[in-house]
Amino acid sequence: MSKKLLSLLLVLALALTMSATAFADYYGSLLPAVRTIPGDYTGKTIILHSNDVHGAIDGYAYMAWLKNEFLARGASDVILVDAGDFSQGSIYAIVSKGADAVTMMNAAGYDVVTLGNHEFDFGYAQLMENLSKAEFTALCCDVYLDETGETILPPATVVEAQGGVKIGFVGIETPETATKVHPGLISEIRFAAFDDLYTAVQGAVDSVKDDCDLVVALAHLGVDAESAVNGYRSIDMLEKVEGIDFTIDGHSHTVMTGAENGQAVQSTGTKFAYIGVVVIDDATKAIEDNFLLPTISMEKDGDVDALAQEIMADVDEVYNTPFATTEVLLNGEKAPGNRTEETNLGDLITDAIVWSVVKEGGIEQVEPNQVVGITNGGGIRATIPEGDVTMKDINTVLPFGNTVAVIYVTGEELLEALEASTFFTPEPIGGYPQTSGIEWTLDTTVPFDQGEVYTLNGKDTSYYAPASIQRVTITSVNGEPFDPAATYAVVTNNFLAAGGDTYNVFNRAYSEGAGFDTGITLDVAVQNYITEVLEGKITAEMYGEPRGSLTQILAEATEEEVEPAA
């Protein structure tokens, strides 16, 4: 008997002696293929849930198959729900601006969803157009129309299952969306921030609790450390809000069947690695089990899969033709990666956007050696492996449709941008700056000097201005000494130019006319740079390693230094 088979048999034996939840917690991530659906579900109502699907549209066929599997095992009803971020993340959702994700959710038979921050990436108007085609109920209790003060969607709803259980669902969006989406695309709405978040959620819970047996929160809040700064995690919310029996969470891509402090929170990771299961007993009207099932062990519903394959084939026909090759893996990871440190992919992108502007001319307020590039690590969404490079690869890395913009700032304002966008480093942060033309040092042993809350379009954001510059120093710009009083041209994306993420200082300059939008999308800039400058080949000599523009002093007082490329 092989060691692999012996190990599988041992784990299966252990599974028979453990609860479903304990087994999923301990072994689910190690050996997901051996997780199976327990037997009879007569007299049970099942909630199946997903979160952070991010355009993995072929995964909806797993959800449809699993629903039918539970019904075949006697379940009185199966309710499908999602905790947000279904509209964005792969070329298969991007091309249709999220509409094809709604099409697939209709085909799978979803009942109730809430919104994630990426639902707004194509703008509020596009989101509402997509949802007008939805055959499911979309909820959101904490996003309001400025004009009326009303929520953009119903805050909550009650679903009465076939077995008689009444479930109140509440939809919750992260307030971080206000600075994680281009502000110009969401100017007509506002997000409940700080304590207003808890007030909104409590109001939604109170609106349904007397009409249902259980209250389930569909929360796009997550448990990231970055979100803890303002109390925006799902576990923070549950400490402030009463009456929620179970929380289905999203946003942080966490795989969990319960929070560390014992709170009833479940999340499936991302892109249908798992599907979440909540089991409700119809007689007692109580939740009796919750666990995760890995999709690797599932079949697919034929009709739903056929629809997904049709959509994917149409996209692949246009986008899947190689136009270049790379000798090296281009790092698109979050952490360690683009949200924590300089990466070779960050170098490539910032080099490309600077080139895309300089070659066209028009930057006349500064000398050529005063032009730098900055993009946010959170906008870099995928790794490109060695080998062929396609338009699909570039679109997957840069899926937001952002355009290249130029902003004129002083050296002092450039320092503020770097200080604010690294306030949480070495922990991951979406605003982490990938740069071109700047030699700089970040000292994480020094605390961030937190100042006033940044405001954008008259509304509080989730981030703070630095009261002083303590962590960041700039050594040189394009080989010349850095001058805090000089003017620099920052080539960036229009999201940051509008004050997205932590870059409020860019918006101050841009809104006063100190800059312009080129209209060139980032993906086109990168593709053209690879084709024209690199002649279709990303070499190890050019981008095998990060160039070493950043020296980061770590908390344990050691220096992480990379020698600049020759």
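Quick check, is A283 over 30 Å from F495 (Cβ atoms), out of contact with any helix residue (DSSP H, G or I) (no Cβ under 9 Å at 6 or more places or on another chain), touching a residue at least 12 places away in the same chain (Cβ under 8 Å) and not in a strand (DSSP E or B)? Write out each step before concluding.
On the way: over 30 Å from F495 (Cβ atoms): yes; out of contact with any helix residue (DSSP H, G or I) (no Cβ under 9 Å at 6 or more places or on another chain): yes; touching a residue at least 12 places away in the same chain (Cβ under 8 Å): yes; not in a strand (DSSP E or B): yes.
Considered against the rule, which asks whether it is over 30 Å from F495 (Cβ atoms), out of contact with any helix residue (DSSP H, G or I) (no Cβ under 9 Å at 6 or more places or on another chain), touching a residue at least 12 places away in the same chain (Cβ under 8 Å) and not in a strand (DSSP E or B), A283 comes out as yes.
Determine whether F86 is closer than 30 Å to G168 by Cα and modelled with pLDDT under 50. Show your work before the answer.
Numbers: closer than 30 Å to G168 by Cα: yes; modelled with pLDDT under 50: no.
Judged against the criteria, F86 is not a match.
Tally the residues that are under 27 Å from the mean Cα position of the chain (by Cα), closer than 19 Å to T295 by Cα and among the aromatic types (F, W, Y), restricting the search to the range 59-101.
Number satisfying all stated conditions: 4.
Name the residue that is nearest to T425 (Cα to Cα), counting only residues in the range 440-468 that are touching a Pro at 6+ places or on another chain (Cβ under 9 Å) and not in a strand (DSSP E or B).
By that ranking, first place goes to T444.
Could you identify the single residue in T151, T103 that is under 30 Å from D305 (Cα atoms), of a type in the set (S, T, Y) and assigned by TED's automatic domain parsing to the domain that holds G74? Give the derivation first.
Numbers: T151 fails: under 30 Å from D305 (Cα atoms).
Just one listed residue meets the conditions, T103.
Please go through the range 136-175 and pick out each residue that is under 21 Å from the mean Cα position of the chain (by Cα) and of a type outside the set (A, V, I, L, M).
C140, C141, D142, G171, E173, T174, P175
State which residue is surrounded by the fewest Cβ atoms within 10 Å (Cβ to Cβ) when the search covers only the range 464-478 and only residues that are aliphatic (A, V, I, L, M) and over 18 Å from Q370 (Cβ atoms).
In the first step, residues of the range 464-478 are kept if they are aliphatic (A, V, I, L, M); the result is 465, 467, 469, 472, 474, 477.
Checking the rest, the ones that are also over 18 Å from Q370 (Cβ atoms) come to 465, 467, 469, 472.
Working: A465: 19, A467: 12, I469: 16, V472: 22.
Top of the filtered list is A467.
Looking at T551, T539, which one is surrounded by fewer than 14 Cβ atoms within 10 Å (Cβ to Cβ), β-branched (V, I, T), at pLDDT 95 or above and in the same structural domain as E327 (by TED's automatic domain parsing)?
On the way: T551 fails: surrounded by fewer than 14 Cβ atoms within 10 Å (Cβ to Cβ).
From the options T551, T539, the qualifying one is T539.
Tell me whether the range 447-458 contains one or more residues that are more than 22 Å from P183 (Cα to Cα) and touching a residue at least 40 places away in the same chain (Cβ under 8 Å).
Checking the range 447-458: not a single residue is more than 22 Å from P183 (Cα to Cα) and touching a residue at least 40 places away in the same chain (Cβ under 8 Å).
Please tell me if T325 is more than 30 Å from Y62 (Cβ to Cβ) and of a type in the set (S, T, N, Q).
Values: more than 30 Å from Y62 (Cβ to Cβ): yes; of a type in the set (S, T, N, Q): yes.
When the stated conditions are applied, T325 passes them.
Name, by its number, the condition in (1) in contact (Cβ under 8 Å) with a residue 60 or more places away in the chain; (2) within 17 Å of the chain's Cα centre (by Cα); (3) part of a helix (DSSP H, G or I) that does not hold for M104.
(2)
Restricting attention to the range 313-326, does a residue exist that is among the small types (G, A, S) and part of a loop (DSSP other than H, G, I, E, B)?
We begin by selecting, within the range 313-326, every residue among the small types (G, A, S); these are 313, 324.
Imposing the further condition that a residue be part of a loop (DSSP other than H, G, I, E, B) reduces the set to none.
No, the range 313-326 contains no residue that is among the small types (G, A, S) and part of a loop (DSSP other than H, G, I, E, B).
Can you report the number of residues in the range 528-559 which are of a type in the set (D, E) and not in a helix (DSSP H, G or I)?
4
Sort out which residues of the range 554-566 are under 15 Å from T445 (Cα atoms), modelled with pLDDT under 50 and exposed (fewer than 12 other Cβ atoms within 10 Å of the Cβ), and write them in order of number. Write out each step before concluding.
Filtering the range 554-566 for residues under 15 Å from T445 (Cα atoms) gives 554-560.
Remaining after also requiring modelled with pLDDT under 50: 557-560.
Residues satisfying the conditions are A557, T558, E559.
How many residues, within the range 180-200, are among the aliphatic types (A, V, I, L, M), under 22 Å from the mean Cα position of the chain (by Cα) and within 18 Å of P155 (Cα to Cα)? Step through it out loud before you land on a result.
To start, the set of residues in the range 180-200 that are among the aliphatic types (A, V, I, L, M) comprises 181, 185-186, 189, 192-193, 197, 200.
Narrowing further to those that are under 22 Å from the mean Cα position of the chain (by Cα): 181, 185-186, 189, 192-193, 197.
Filter again for within 18 Å of P155 (Cα to Cα), leaving 189, 192-193, 197.
Counting residues in the range 180-200 that are among the aliphatic types (A, V, I, L, M), under 22 Å from the mean Cα position of the chain (by Cα) and within 18 Å of P155 (Cα to Cα) gives 4.
Filter the range 257-270 down to residues that are surrounded by 19 or more Cβ atoms within 10 Å (Cβ to Cβ) and either not in a strand (DSSP E or B) or not small (G, A, S) (or both), then give me how many there are. Steps first, answer last, please.
We begin by selecting, within the range 257-270, every residue surrounded by 19 or more Cβ atoms within 10 Å (Cβ to Cβ); these are 257, 259, 265-270.
Within this subset, residues satisfying the condition of being either not in a strand (DSSP E or B) or not small (G, A, S) (or both) are 257, 259, 265-266, 268-270.
Final tally of qualifying residues: 7.
Table: residues versus (1) at pLDDT below 95; (2) within 24 Å of K166 (Cα to Cα).
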residue: I37; (1), (2): yes, no
residue: K44; (1), (2): no, yes
residue: H49; (1), (2): no, yes
residue: H54; (1), (2): yes, no
residue: A61; (1), (2): no, no
residue: K67; (1), (2): no, yes
residue: S76; (1), (2): no, yes
residue: D82; (1), (2): no, yes
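Just to be sure, is G437 surrounded by 19 or more Cβ atoms within 10 Å (Cβ to Cβ) and either in the same structural domain as H118 (by TED's automatic domain parsing) or at positive phi (or both)?
On the way: surrounded by 19 or more Cβ atoms within 10 Å (Cβ to Cβ): yes; either in the same structural domain as H118 (by TED's automatic domain parsing) or at positive phi (or both): yes.
Yes.
Answer yes if at least one residue in the range 391-398 is within 23 Å of G544 (Cβ to Cβ), modelled with pLDDT under 95 and hydroxyl-bearing (S, T, Y), and no otherwise.
Checked the range 391-398: at least one residue is within 23 Å of G544 (Cβ to Cβ), modelled with pLDDT under 95 and hydroxyl-bearing (S, T, Y).
Being under 27 Å from the mean Cα position of the chain (by Cα) and either farther than 30 Å from E226 by Cα or assigned to a strand (DSSP E or B) (or both) is the filter here, so list the residues in the range 514-527 that pass it.
Within the range 514-527, the subset under 27 Å from the mean Cα position of the chain (by Cα) is 517-527.
Answer for the range 514-527, where residues must be under 27 Å from the mean Cα position of the chain (by Cα) and either farther than 30 Å from E226 by Cα or assigned to a strand (DSSP E or B) (or both): D517, T518, G519, I520, T521, V524, A525, Q527.
Would it be correct to say that A420 is among the hydrophobic types (A, V, I, L, M, F, W, C) and over 25 Å from N528 (Cβ atoms)? Break it down stepwise before answering.
Values: among the hydrophobic types (A, V, I, L, M, F, W, C): yes; over 25 Å from N528 (Cβ atoms): yes.
Taking the combined requirement at face value, the residue satisfies it.
How about the range 479-513: which of its residues are part of a loop (DSSP other than H, G, I, E, B), surrounded by fewer than 20 Cβ atoms within 10 Å (Cβ to Cβ) and either touching a residue at least 12 places away in the same chain (Cβ under 8 Å) or acidic (D, E) (or both)?
The first filter runs over the range 479-513 and keeps only residues part of a loop (DSSP other than H, G, I, E, B), leaving 479, 482-486, 498-503, 512-513.
Narrowing further to those that are surrounded by fewer than 20 Cβ atoms within 10 Å (Cβ to Cβ): 479, 482-486, 512-513.
G479, F482, D483, P484, A485, A486, E512 - these are the residues of the range 479-513 that are part of a loop (DSSP other than H, G, I, E, B), surrounded by fewer than 20 Cβ atoms within 10 Å (Cβ to Cβ) and either touching a residue at least 12 places away in the same chain (Cβ under 8 Å) or acidic (D, E) (or both).
Could you tell me how many of the residues in the range 277-326 are farther than 20 Å from Q266 by Cβ, in contact with a strand residue (DSSP E or B) (Cβ under 7 Å, 6 or more places away or on another chain), of a type in the set (V, I, T) and surrounded by 13 or more Cβ atoms within 10 Å (Cβ to Cβ)?
Of the residues in the range 277-326, 2 are farther than 20 Å from Q266 by Cβ, in contact with a strand residue (DSSP E or B) (Cβ under 7 Å, 6 or more places away or on another chain), of a type in the set (V, I, T) and surrounded by 13 or more Cβ atoms within 10 Å (Cβ to Cβ).
Based on this model, can you work out whether A465 counts as over 30 Å from the mean Cα position of the chain (by Cα) and of a type in the set (G, A, S)? Full working, then the answer.
Working: over 30 Å from the mean Cα position of the chain (by Cα): no; of a type in the set (G, A, S): yes.
It is false that A465 is over 30 Å from the mean Cα position of the chain (by Cα) and of a type in the set (G, A, S).
The values are calculated or read from the model by the stated rules, or taken from the named source; none is laboratory data. Computed from a prediction, not measured in an experiment: that's the story for all the values here. Ideal geometry is used to build each Cβ from the backbone, glycine not excepted, and the neighbour counts take in all protein chains shown.
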